[in-house]
Structure formats: C-alpha cells, structure tokens
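A.B. asks: The following block contains the structure, expressed as structure tokens.
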Amino acid sequence: MIIVLKRDATDAQIDHVVKKVKDLGLSVHLSKGSERSIIGAIGDEAVLTSTPLDAFPGVEKVMPILKPYKLVSRDFQKEDSVIDIKGVKVGGKQVQVISGPCSIENKSILLEVAKEVKKSGATLLRGGAFKPRTSPYDFQGLGEEGLKYLREVGDETGMPVVTELMDPRDIDLICRYADVIQIGARNMQNFRLLKEVGKTDKAILLKRGLSATIKEFLMSAEYIASMGNRNIILCERGIRTYETATRNTLDLSAIPVLRELCHLPIVVDPSHAVGRWDLVAPMAKAAIAAGADGLMIETHANPEEALCDGAQSLKPNKFDRLMGELRRVAEAVDRTL
Ligand code: PEP
Ligand code: MN
C-alpha cells in the first residue's frame, strides 16, 4: 500500500500516519521527496482496508501496490534512483563503466590493468576474491589477500571497488574492503545472503540469475530493500537459452522492461553474456543505446594467461578503443560517459 501525503503535510501528521500503520503490524518505509512524501506500508494489506487512512489529516490518497515487489517498483517511487558510491553516481546522466579482471590474481597485474582502465574512463574497479567456479578444481580466488590488493589498488587509482560475496559468513570481511558488494548470478536467489546484504549500508550490485525471470529478479531486489538497504544496482548479465554460440544470451529488452517496472539503476555485463572478447563491444554499445546506466566489462593485461574468464576479457588497448566508441553512443542517447 502506498500512502501519498499532501504537499503541505506536517511532520506531526506524517508521524501520526506512520504510527497508525505500525500499530497495525505493517512495516513503514517513508520516502521524502522534494515535491511530496510517500509512505510505503509493507505487509498484510488486508488490515488496512478497515482503516480509512485516506481520511487522516495530511493524506492525499491511498493506493494498493498490485505488484508482488513493492519498494523497488515504479509505483512506489516515480523518480529514478541514483546510487552514490563515493561520488560515482550510478543512475544519473553519466554512464558508469565498471572494469577490471574476473579474479584478482596478484597486486601488480591488478594495478597494471586498473591504471589503464582508469585512464580510459572506467570509474569503478572490479575483481573477484571469492569466485563461483563451476568446477571445484578451478582457481577459487585469493580470498582476503585478494581483497587487500583490490582495496589498495582502488585507493591508489582513485576508483571505488566492487567484489562478489558468496557466503554470509564472509560479509564482515567483504564489508571491510569493498565499496560495492556483488551478488553473483548463481546466488540471485540465495535469500539468506540477500537478507544479510540488505542489513548493510553498502551499494549492492545484484546480478540476474542464469534462468531468472524479470519478476524473480525484482523479487530478489525486494528482499534486499525489505531489510532496509535500497542502494541496489541491477545487473543484466545474460540468461541461459538453447543457444550455444554465446556463453549466455544477452537479454537487451530487460533494460527497458526493468526501467518501466522499477526505479533502480540498470547495469549490463556484456562480458559474461557473450563469453567471447570479440562480441563484447557490439553488445556494450547496444546496451547503452537501449538505456543502460552502466556497464561491467572484464579486462586483463594478458587474457591468454588469465586464471579465470580470459576468453571474454579485453586487453587494455581494446578497452580504450571501445570506450571511445561508447562515448559517441552515449552522446546519441543524451548521456555522458
Ligand atoms: C563475475 O562477475 O565474475 C561473475 C562470476 O559473474 P556472474 O555471477 O554474472 O556469472
Ligand atoms: Mn568472470
């Protein structure tokens, strides 16, 4: 249920409505906008039908939210959310590019690629320290050692850092080092994990599950938001289809669909979508043209030697060329990069 308050509603009137909703056993999410404030009443809406909240002073109207996701829905918040990560704003006019290697291998390789991508215009640095590998015999990541390198390199190059959390037991560790917590595709429906990151104040990059529908994707975002953290960035990274020519199939239409249903920023990861470095550029351009707020692109100074996802990683010179092309696409859709 959304309770829209009058423009001139006083704090006392708002407090009175909030108290009533809480007394009825629902949780309250107050959103104070520049124009007007709204209250999201989340829980069993049936209890509200017998209470004429629209008759309360300061209340303009009361509307049910029919969608199963509430806090992340456009019904709840009309304006696009902008997530501020140490001054890097995801969801505003500027398209933000997250780049770096799939996994952190050692400090010098990370520093080399970080300096290059920063020079080309990337604004956030990525790197995995805990890797969700299909085989238990593949490189699993450096753990805390990797997180230390990521933090140091991020600070040295002036880029906030993004890294994946796979296990709730590592949440304090990850929070000590990361600016953005990535929830990987394989964990999109790990609901305990979603609730835990929902209790933090970190920005969360939520990747779409391999076979998740848009509705399931948004329900996972709702899990995070329901725990209090609304600093969520959605990431389309390709879904599994019958097609085997590419690693996954990039669902470009997810961008306008999510934009219509939800107010959260949308980032596209063409690297994991296609799985081949030569297909990353066209999909990256298409994503910006379709309205993405950002991209996540894997880069490596020496992809042939990469311990993870070398086949889809761009060398710094190719990344630099792509950034030049992306700037022109961004301009064409009235964005900057
Ligand atoms: C990654 O970003 O390195 C990753 C493992 O991505 P995904 O969860 O989308 O497969
Ligand atoms: Mn990867």
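A.B. asks: Would you mind working out the accessible area per residue for the range 2-63, using a 1.4 Å probe, and quoting it in Å²?
C.D. replies: 55
A.B. asks: Using a 1.4 Å probe and counting only protein heavy atoms, arrange 38, 297, 109 so the residue with the most accessible area comes first.
C.D. replies: Accessible-area ranking of 38, 297, 109, largest first: 109, 38, 297.
A.B. asks: I've got another one for you. Considering the zone a paramagnetic label at residue 246 would reach in this model (a point 7 Å from Cα along the Cα-to-Cβ line), which residues of the range 163-190 have amide N under 20 Å from it?
C.D. replies: Residues passing the 20 Å test: 185-186.
A.B. asks: Using a 1.4 Å probe on the protein chains only, how many percent of the accessible area of the chain belongs to carbon and sulfur?
C.D. replies: Roughly 51 percent, rounded to a whole number.
A.B. asks: When N is the residue count of the chain, what does its C-alpha Rg come to as a fraction of 2.2 N^0.38 Å?
C.D. replies: In units of the globular-protein estimate, the chain measures up at 1.04.
A.B. asks: While we're looking at this one, here's another question. So which chymotrypsin sites (Phe, Trp or Tyr not before Pro) in the range 231-337 are both in a DSSP loop and have at most 16 other Cβ atoms within 10 Å of their Cβ?
C.D. replies: Counting only loop positions with at most 16 other Cβ atoms within 10 Å, the chymotrypsin sites (Phe, Trp or Tyr not before Pro) in the range 231-337 are 242.
A.B. asks: Right, another one. Normalised by the number of residues in the chain, what is the relative contact order in percent for Cα pairs under 8 Å and 6+ residues apart?
C.D. replies: With pairs under 8 Å counted, the relative contact order is 16 percent.
A.B. asks: Still on this model: Taking a probe of 1.4 Å, how large is the accessible area per residue of the range 148-300, in Å²?
C.D. replies: 36
A.B. asks: Express the relative contact order of the range 1-150 as a whole percentage, based on alpha carbon pairs under 8 Å and six or more residues apart in sequence.
C.D. replies: With pairs under 8 Å counted, the relative contact order is 18 percent.
A.B. asks: Tell me the angle of helix 107-120 to the major Cα principal axis of the chain, expressed in degrees between 0 and 90 and rounded to the nearest ten.
C.D. replies: That helix lies at roughly 70 degrees to the long axis.
A.B. asks: Additional query: Would you kindly calculate the translational diffusion coefficient of the range 165-286, applying Stokes-Einstein with the Kirkwood radius from alpha carbon pairs, for 4 °C and a viscosity of 1.567 mPa s, and quote it in µm² s⁻¹ without decimals?
C.D. replies: D = 88 µm²/s.
A.B. asks: Of all beta bridges DSSP finds with both residues in the chain, what is the antiparallel percent, to the nearest 5?
C.D. replies: Approximately 40 percent, going by the DSSP bridge assignments.
A.B. asks: Tell me the net charge near residue 250. Cut-off is 15 Å between Cβ atoms, residue 250 excluded, with +1 for each Lys or Arg and -1 for each Asp or Glu.
C.D. replies: Every neighbour counted, the sum reads +1.
A.B. asks: Let me ask another. Cysteines without a disulfide-compatible partner in the chain, using Cβ under 4.7 Å as the rule?
C.D. replies: So, 175, 235, 262.
A.B. asks: If you filter the range 101-187 for GluC sites (Glu not before Pro), then keep DSSP loop positions with at most 14 other Cβ within 10 Å, what is left?
C.D. replies: none
A.B. asks: Please report how far the C-alpha centroid of the range 273-337 lies from that of the range 46-79, rounded to the nearest whole angstrom.
C.D. replies: 41
A.B. asks: Please compute the contact order of the range 69-183 in relative form: average sequence separation of alpha-carbon pairs under 8 Å and at least six residues apart, divided by the residue count, as a percent.
C.D. replies: After rounding, I find 22 percent.
A.B. asks: Right, next: Check each of the GluC sites (Glu not before Pro) in the range 198-253 and keep only those in coil by DSSP with at most 10 other C-beta atoms within 10 angstrom; list them in order.
C.D. replies: Passing sites in the range 198-253 are 243.
A.B. asks: Could you work out how much longer the chain between residue 257 and residue 195 gets when fully extended? Use 0.36 nm per residue separation minus the Cα distance between them, nm to one decimal.
C.D. replies: 19.8 nm
The values are calculated or read from the model by the stated rules, or taken from the named source; none is laboratory data. On a predicted model such as this, the values are computed, not experimentally measured, just so you know. Quick reminder, even Gly has a Cβ in these numbers, built from the backbone with ideal geometry, and neighbours come from all protein chains shown. For accessibility, only protein heavy atoms count, side chains too; no ligands or nucleic acids. Shrake-Rupley method; radii C 1.70, N 1.55, O 1.52, S 1.80 Å.
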